[in-house]
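Peer 1: The following block contains the structure, expressed as structure tokens.
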Ligand SMILES: Cc1cc2nc3c(=O)[nH]c(=O)nc-3n(C[C@H](O)[C@H](O)[C@H](O)COP(=O)(O)O)c2cc1C
């Protein structure tokens, strides 16, 4: 399986492109007993600079899980376009109302009906360490490094 | 978020249904350093009985990873239909030519051009321990147990 390395600037530009039409990632975290769980999460990735942002409730199982073990995987997949992306990174909880205001987007009302006033509203920031993608028709895996 | 429990028979029937139109899972494994990686994998799930089967090369990073830590997550997502499924389970390598013959399907030629004669051809069997799904439009999470 061919692997290609790209330099940092390339990666950053390319990454925006890769996930721009796939907004929802399946975020996998490690539970206390070692099980792996995933759930769909809406990605905020405008002007990707090595970090991806997500909204969460401050008190939720996934926050417990990333506090216990920072490693996460973000899987972006779109079977109709045969596009698959794996992002490995470390995740931390961020309580920052200013940042939340900057990222807020009306789509989020579905999960946070009280919007920015919701006292439980918090952010998860994933620092990307490795990204790999597969595209049609070769199903070749390309590895992005230097992030 | 509402959670529903279903009994075993229900789950088995329902599960087939859930993933029947999403053939490709993103399989997440744990690397030796704790990082989480995922990759697209073609699912064999006819007549689901609590196990899901995948073809793999016997000597490949994902086999090393599941040998070191059996936990995997399978994320099935179909953004166009807003359907997301998380499967948590344990994975083991199976070397069984008879089973491989029973599961073989011509689509696999893309990754295994030598087909059943490939000496590297092996199987991964995932014993499902928990499954959760989200569907439109409520984004309600439903937990399937009893597997
Ligand atoms: C749509 C799609 C389906 C794939 N299905 C399989 C599969 O069933 N088995 C497999 O070993 N690799 C499959 N691959 C390739 C894997 O994603 C991966 O690149 C390869 O197995 C090596 O993974 P590893 O380095 O993590 O071991 C598939 C790739 C694509 C794009």
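Readers should treat all values here as calculations from the given coordinates under stated rules, not as data from a laboratory. On a predicted model such as this, the values are computed, not experimentally measured, just so you know. Note that we place each Cβ from the backbone using ideal geometry, even for glycine, and neighbour counts take in every protein chain shown.
Peer 1: Mean separation of Cα pairs under 8 Å and 6+ residues apart, divided by the residue count of the stretch A:8-144: what relative contact order is that in percent?
Peer 2: Numbers: 246 pairs, mean separation 33.2, N = 137.
Over the stretch A:8-144, the number comes to 24 percent.
Peer 1: Once you put a point 7 Å from the Cα of residue A:81 and another 7 Å from the Cα of residue B:70, both along the Cβ direction, what distance in nm separates them?
Peer 2: With each label placed 7 Å out from Cα toward Cβ, I get 3.9 nm.
Peer 1: OK, next. Measuring from a point 7 Å out along Cα→Cβ, what nm distances, shortest first, does residue B:81 have to its partners in the other copies?
Peer 2: 1.9
Peer 1: A further question follows. Relative to the other copies, what are the label-point distances for residue A:16, with labels 7 Å from Cα along the C-beta vector, expressed in nm at one decimal and sorted shortest first?
Peer 2: In nanometres, ordered from closest: 4.7.
Peer 1: So what's the gap between the Cα centers of the stretch B:45-61 and the stretch A:117-133, to the nearest angstrom?
Peer 2: If we compute the Cα centre of each part, the gap is 31 Å.
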